[in-house]
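Structure record follows, encoded as structure tokens.
Nothing in this text is a laboratory measurement; each read-out follows from the coordinates by a stated rule. Only a predicted model underlies this, so the values are computations on that prediction, with no experimental measurement involved. Note that we place each Cβ from the backbone using ideal geometry, even for glycine, and neighbour counts take in every protein chain shown.
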Amino acid sequence: MILTSTGDIPESIRRSLRQEVNFGCAICGCPILEIHHIVPWGQIKQHNPSEMIALCPTHHHRADRGEYNDAYLRELKRAPHNLAMISDAFTVQSEDLTVSIASNRFLNTPRILVVDDFDIISVAKENQYPLLDVNFFDKYGRWIAIINQNQWYVDRRLIWDMEYKPKHLVIRCKPREISLDVKITDDIVFIKGDLFFNGYKIEATDNDLFLGGKSAITLHGCTMMHSAVGIGIQTGRPLSFR
């Protein structure tokens, strides 16, 4: 697997650049970010925050192709999308963090979905900004992408589609039958989609969570508060929740 993103950029610089753009792509506000060097890394061989900007993967790719000039990108550092359009930002105003996956509600429970003691989906919060941690595997068990605190690391050989509208993020890898839909409504983070782990399909609809296909096991209508783990699944025989 070839996972690429911000390389060896220090976490302190990545954090500073996320904060600079109010935790959203400087162009569109999407919360999933990569770091772009305005002056190409190959020319200066250093990570200078004044010459770097946080962009979503789509706009990062376009910036790498030279679609935006340096003056435009530097102006975006001064006035990024989430400062100009604050209402569009991927935020929750409540002091608590409530996550709903397939009609199951989790209050202040960051480890949302854990399979075989491995975190598949986690959601934390920095100030009012939800931070996603998601591990993407294909149905053959290959690790193909990671979201780590809203930073995107991906196998560049695969085709991904990422869409963002205010407070609504959709990520798809159609050839791999993978999708993730994250939407904030009434200060609740709603998650659904199709993922895999150890060859098992994990499907979260609006109402039910299925593991191993719709004929396997389901979970819906649960509520947990201040728990170490929201949904814990063991894939031994028989499949079981814990």
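Can you pull the semi-axes for segment 1-143, root of five times each eigenvalue of the Cα gyration tensor, sorted largest first, whole Å?
Details: eigenvalues 171, 82, 32 Å².
For segment 1-143, the semi-axes come out at 29, 20, 13 Å.
To the nearest whole percent, what portion of all C-alpha pairs in segment 169-230 is separated by more than 19 angstrom? Working shown, then result.
Details: 730 of 1891 pairs.
Value for segment 169-230: 39 percent of Cα pairs lie more than 19 Å apart.
How large is the Kirkwood hydrodynamic radius of the chain, in angstrom, based on all distinct alpha carbon pairs?
Values: mean 1/r = 0.0537 Å⁻¹.
One decimal place: 18.6 Å for the Kirkwood radius.
In Å and from the alpha-carbon atoms only, list the Rg and Dmax of segment 112-242.
14.4, 42
Pick from 29, 221, 42: which residue has the top mean-square fluctuation in a GNM of the chain where Cα pairs under 10 Å get a spring?
The residue with the greatest mean-square fluctuation here is 42.
Describe numerically, in nm with one decimal, the distance between label points set 7 Å from Cα along Cα→Cβ at residue 83 and at residue 107.
3.7 nm
At most 12 other Cβ atoms within 10 Å and a DSSP loop assignment: could you name the GluC sites (Glu not before Pro) in segment 1-103 that fit? Walk me through the numbers on the way to the answer.
Values: sites: 11, 20, 34, 51, 67, 75, 95; in loops: 67, 95.
Passing sites in segment 1-103 are 67, 95.
Using Cβ counts within 10 Å as a stand-in for footprinting exposure, how do 186, 88, 64 rank, fewest first? Kindly include the intermediate steps, with their values, before the conclusion.
Numbers: 186 8, 88 18, 64 14.
Least crowded to most crowded, the residues run 186, 64, 88.
For segment 102-182, how big is Rg over Rh, using alpha carbon atoms and the Kirkwood form of Rh? Mind dumping the intermediate values first?
Working: Rg = 13.1 Å, Rh = 13.8 Å.
Reported Rg/Rh, Kirkwood definition of Rh: 0.95.
Between 157, 74, 18, which gets the highest mean-square fluctuation from a Gaussian network model of the chain, Cα cutoff 10 Å?
Comparing 157, 74, 18 in the GNM, the peak value goes to 157.
Taking other Cβ within 10 Å of each residue's Cβ, how do 116, 133 sort, fewest first?
Numbers: 116 13, 133 19.
Listing 116, 133 from fewest to most nearby Cβ atoms yields 116, 133.
What value, in deg cm²/dmol to 500, does the helix sum -39500 (n - 2.57) over DSSP H runs of n ≥ 4 give at 222 nm once divided by the residues of the chain? Mind dumping the intermediate values first?
On the way: 5 runs with 35 residues, N = 242.
About -3500 deg cm²/dmol.
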